[in-house]
Amino acid sequence: MDWTALRDEFPITRNYNFQNHAAVAPMCARALAAAERFCRDNVQHAYLLGGSYKEAERVRQVAARFIGANADEICFVKNTTEGLNFVANGLTWQTGDNIVTTNVEFPANVYCWQALKAHGVRVQMVFEENGRIPLERLIEAINPRTRLVAISSVQYASGFRTDLAALGEYCQQKGVLLCVDAIQSVGAVPIDVRTMKIDFLSADGHKWMCGPEGLGIFYVRKEMQGYLKPSCVGWLSMKNALDFDKYQFEYLDSAKRYDTGAYNLMGIFALGGALDLLSEIGIAHIHQRLISLTDRLVEGVKAKGYTVVSSRRPGEASGIVSFSSEIHDLEQIRRHLQNEHRVIVALRSRRLRASPHVYNSEREIDQLVELLPRH
């Protein structure tokens with residue numbers, strides 16, 4: 001792969017050394033071109049060319065392939081939170097049910113479950129241990145009243161990657177549902193909802209997919225679509241939706257039952273452009289490249305005396321590297337990197353967090369390391 005040529009797809013490289021894709025990533029040029037195509041056609045022809053919803057179906061298929069799903073198991077959401085709330089509000093809960101999650105989830109994967117307290121549902125948190133969420137701790141937390149495990153595929157602050165295949169296997173054996181916040185993994189690491197036995201998955205496109213903010217995907221396993229009641233109902237949820245004069249309350253036999261109404265078509269076009277680019281590279285190549293870049297980063301920050309929090313064990317590493325210092329003001333370092341050198345990283349959970357993507361260069365990794373004050 002010609003990684004240097006790939007940088008042309010990311011004009012941000014002309015202005016910044018951007019290593020904060022775990023926050024809000026820059027859209028790629030392919031996404032911009034697709035959005036411009038939609039806007040141009042709409043300005044000149046309104047809806048009359050008739051291809052917008054056909055493109056939406058194509059993007060649905062591309063998105064499904066990214067996670068090993070079928071297109072009829074995918075609907076579009078405005079963000080990860082919306083998909084998680086579809087699960088929280090669509091299942092039938094009983095007093096005494098419990099949900100297992102962790103104490104280091106992004107808030108989107110916490111509040112929707114805590115809101116179920118009014119239904120007598122308890123949320124049990126498994127604690128992070130030295131940057132890891134040990135699988136055995138998750139398994140120990142599951143009991144006969146556990147209805148669902150809600151977990152991030154990759155933790156936003158530490159970069160810890162959950163062994164979803166092992167967790168999914170155990171959940172299936174115990175009759176427990178598995179709901180995954182995958183915003184930190186889709187587009188960066190391989191996800192296969194079949195082999196991982198995932199029931200629900202939600203992910204916005206504005207991080208590792210390099211798409212627009214405010215447009216994401218939500219996966220519902222086919223067998224679960226009859227059990228997950230749509231919590232928001234619209235005309236596009238129904239069969240024969242284009243027969244406006246006939247009210248036929250009959251849900252579609254697919255995840256489109258959760259789509260409700262008119263799509264964010266410009267966002268869908270942009271996401272489609274981004275996913276097309278990532279598909280051409282291949283998720284295996286992307287993951288391999290990210291591990292190579294972050295291994296280089298880990299080696300560099302350790303040599304500078306920083307403590308790397310992110311697990312680098314095989315299968316647990318991701319595109320996120322979090323590191324800390326007991327003597328430096330990390331927020332001051334972050335501001336200095338951004339304001340003086342245009343090197344963009346984040347501060348999360350009192351740790352510096354770098355999250356390069358596939359187009360970042362080794363020189364950019366080295367520049368970040370060089371600019372860090374020695375511990």
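The values are calculated or read from the model by the stated rules, or taken from the named source; none is laboratory data. Just so it is clear, the structure is predicted and the values come from calculations on it, not from any experiment. Note that each Cβ is placed from the backbone with ideal geometry, even for glycine, and that neighbours are counted across all protein chains shown.
Looking at the range 250-271, which of the residues that are over 24 Å from Trp208 (Cβ atoms) and small (Gly, Ala, Ser) is surrounded by the most Cβ atoms within 10 Å (Cβ to Cβ)?
Ser254
Looking at (1) out of contact with any Ser or Thr (no Cβ under 9 Å at 6 or more places or on another chain); (2) closer than 30 Å to Gly272 by Cα; (3) not polar (S, T, N, Q), which is the one condition that is false for Pro144?
(2)
Test each condition in (1) surrounded by fewer than 22 Cβ atoms within 10 Å (Cβ to Cβ); (2) under 17 Å from Val186 (Cα atoms); (3) touching a strand residue (DSSP E or B) at 6+ places or on another chain (Cβ under 8 Å); (4) not basic (Lys, Arg) for Tyr156 and report the one that comes out false.
Condition (1) is where Tyr156 drops out.
Scan the range 313-345 for residues that are in contact with a helix residue (DSSP H, G or I) (Cβ under 7 Å, 6 or more places away or on another chain), under 16 Å from His21 (Cβ atoms) and not in a loop (DSSP other than H, G, I, E, B) and report the count.
Residues meeting the conditions: 4.
If you check Arg342, Arg312, Arg334, which single one turns out to be over 27 Å from Gln288 (Cβ atoms), assigned by TED's automatic domain parsing to the domain that holds Phe10 and within 25 Å of the chain's Cα centre (by Cα)?
Answer to the check: Arg334.
Please go through the range 70-123 and give me each residue that is closer than 30 Å to Asp253 by Cα and of a type in the set (Phe, Trp, Tyr), ordered by number.
Result: Phe76, Phe86, Trp93, Tyr111, Trp113.
Of the conditions (1) part of a loop (DSSP other than H, G, I, E, B); (2) closer than 23 Å to Cys112 by Cβ, Cys179 clears all except one; give me its number.
(1)
Among the residues of the range 292-311, write down those that are without any contact (Cβ under 8 Å) to a residue 60 or more places away in the chain and either surrounded by fewer than 16 Cβ atoms within 10 Å (Cβ to Cβ) or over 25 Å from Phe106 (Cβ atoms) (or both).
Once the filter is applied, which keeps residues that are without any contact (Cβ under 8 Å) to a residue 60 or more places away in the chain and either surrounded by fewer than 16 Cβ atoms within 10 Å (Cβ to Cβ) or over 25 Å from Phe106 (Cβ atoms) (or both), the range 292-311 yields Ser292, Asp295, Glu299, Lys302, Thr307.
Taking the range 16-45 as the region of interest, how many residues are out of contact with any strand residue (DSSP E or B) (no Cβ under 7 Å at 6 or more places or on another chain) and assigned to a loop (DSSP other than H, G, I, E, B)?
Of the residues in that region, 4 qualify.
Under 6 Å between Cβ atoms, which residue pairs at least 6 apart in sequence (or on different chains) link something in the range 312-330 that is under 19 Å from Ala284 (Cβ atoms) and in contact (Cβ under 8 Å) with a residue 60 or more places away in the chain with a partner that is of a type in the set (A, V, I, L, M, F, W, C) and assigned to a strand (DSSP E or B)?
Ser318/Val154
Results for (1) farther than 26 Å from Phe160 by Cβ; (2) within 22 Å of the chain's Cα centre (by Cα); (3) surrounded by 15 or more Cβ atoms within 10 Å (Cβ to Cβ); (4) not basic (Lys, Arg), shown as yes or no for each residue.
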position: Leu49; (1), (2), (3), (4): yes, no, no, yes
position: Thr80; (1), (2), (3), (4): no, yes, yes, yes
position: Phe86; (1), (2), (3), (4): no, yes, yes, yes
position: Thr102; (1), (2), (3), (4): no, yes, yes, yes
position: Ala108; (1), (2), (3), (4): no, yes, yes, yes
position: Arg122; (1), (2), (3), (4): no, no, yes, no
position: Ile133; (1), (2), (3), (4): no, yes, yes, yes
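List pairs: first in the range 103-121 and within 22 Å of Ala203 (Cα to Cα), second aliphatic (A, V, I, L, M) and surrounded by fewer than 19 Cβ atoms within 10 Å (Cβ to Cβ), Cβ under 8 Å, 6+ apart or cross-chain?
Within 8 Å, the pairs are Asn103/Met125; Val110/Val123; Trp113/Val123; Gln114/Val123; Leu116/Val123.
Here's a check for you: in the range 61-78, which residue that is out of contact with any helix residue (DSSP H, G or I) (no Cβ under 7 Å at 6 or more places or on another chain) and surrounded by 20 or more Cβ atoms within 10 Å (Cβ to Cβ) is farthest from Ala270 (Cα to Cα)?
Ala69
If only one of Lys222, Lys246 is surrounded by fewer than 23 Cβ atoms within 10 Å (Cβ to Cβ), at pLDDT below 95 and more than 22 Å from Gly50 (Cα to Cα), which one is it?
On inspection, the qualifying residue turns out to be Lys246.
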